[in-house]
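Some notes on the structure that comes next.
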Amino acid sequence: MNQNPLQCPASDEIEITVFGPGFGESIVIHAGNNEWVVVDSCIDSRVGRPAALAYLAEINVDPSTAVKLVVATHWHDDHIGGMSELVSECTSARFACSVALTRSEFLEVARVYTSRPLIVASAGPTEISQTLATLRARRQRPTRAIADRPLIRMSRAVTGGLDWEVTALSPSDGEVQRFLASIASLLPPGIPATTKSRLPNPEQNDLSVATWIKIGEIQILLGADLEEHGVADRGWTAVLASSTPPSGQASLFKIAHHGSANGHHDGIWSNMLIKSPMAVLTPWTLGGHDLPLPDDVQRIRNLTPNAYSTSRLKAPALQALPQAVTKTLREGNIKIRQSEPPTGYIRLRTRASSQGPSVWNLTASDDAIRLSSS
């Protein structure tokens, strides 16, 4: 893989850079003419700030004017870390998130749980609440993402650039209604003030915002963490059954849900993607539940030879500790584990063309890998 120094793309270059894992993932897209989109946020383990902001600073791009859209696909911690800081600095950008996360029912749950000192809240509700507060201070409303809704359309005929747009493919109406029906059970009126509890996470992946990006005739599918349930109004089955599906096929796919089996649907590959597309995933290596599994890697390799991961697929084994240290940890009931691999990236660029891309040129960080069946 080509490992050139990071440089700002030319005005007529299309770029997709996928960061992860660190703890999470983030995707930065250049649509041409110094216009950018950021999908999700994670903290770059190298510098301790949102990966998108660190990257844009590294290539001398001003996020306050260049970023036109920020999308939060869902409120899992590994997709939303640093989102409020990101939105705060992208002062000219629209902010889009699942329509369900702007509803009063969700916001009340987030307010109750994050305001109670003995409740252990995940970062998701806090980041969403802080982001929405930033938008209110700007007198700006979030763009509410739901299946088949355009999130942004930019016409560049006057300046000679390519038109581009980002469209939400999910969540479906059925998923939103299912979420709102369950959210009331999260309100904790009976929890004593002295009881320590954790904010429940009701199937956040079901609300995940998969997106379709079209820049001229170049098309890109970002799968977020959208899962498949084999039910008509849910997940990828709902996307594929849309009455207004995207036209054409994408040449680049950010694989859904870390390449896991529950993020797969055969129809994605047969209907929405060209043959042997470029495909990128971010691995999950926390808590002993590594993704993708070997069977997942084999499945993906059978579908395209052009599949990559932003980092190695397993956290390295812990080095043996001195016996005295091990004894002390055991007596203190202290467990240690290997941290996530450092934040890596896969960057793909192609020249803008009304005929679509002829080739994606790939640049990668040191830890990024090409998926292998071995």
**region 34-74 residues near the modelled R312 label - backbone nitrogen below 18 Å, point 7 Å along Cα→Cβ** = 45-46
**Prompt:** Quick one: if you stick a label point 7 Å off each Cα along the C-beta vector at E108 and N302, how many nm between them?
**Reply:** 4.8
**Prompt:** What FRET efficiency comes out for the pair D62/N271, r = Cβ-Cβ distance, R0 = 56 Å, nearest 0.05?
**Reply:** 0.90
**Request:** Order the peptides 35-41, 297-303, 275-281, 63-69 from the highest to the lowest mean number of other Cβ atoms within 10 Å of their residues.
**Result:** 35-41, 275-281, 63-69, 297-303
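Every number in this text was worked out from the coordinates using simple rules, so none of it is lab data. Note that the structure is a prediction, hence the values are computed from the model and not measured. Cβ coordinates were reconstructed from backbone atoms using ideal geometry, including for glycine residues, and neighbour counts include every protein chain displayed.
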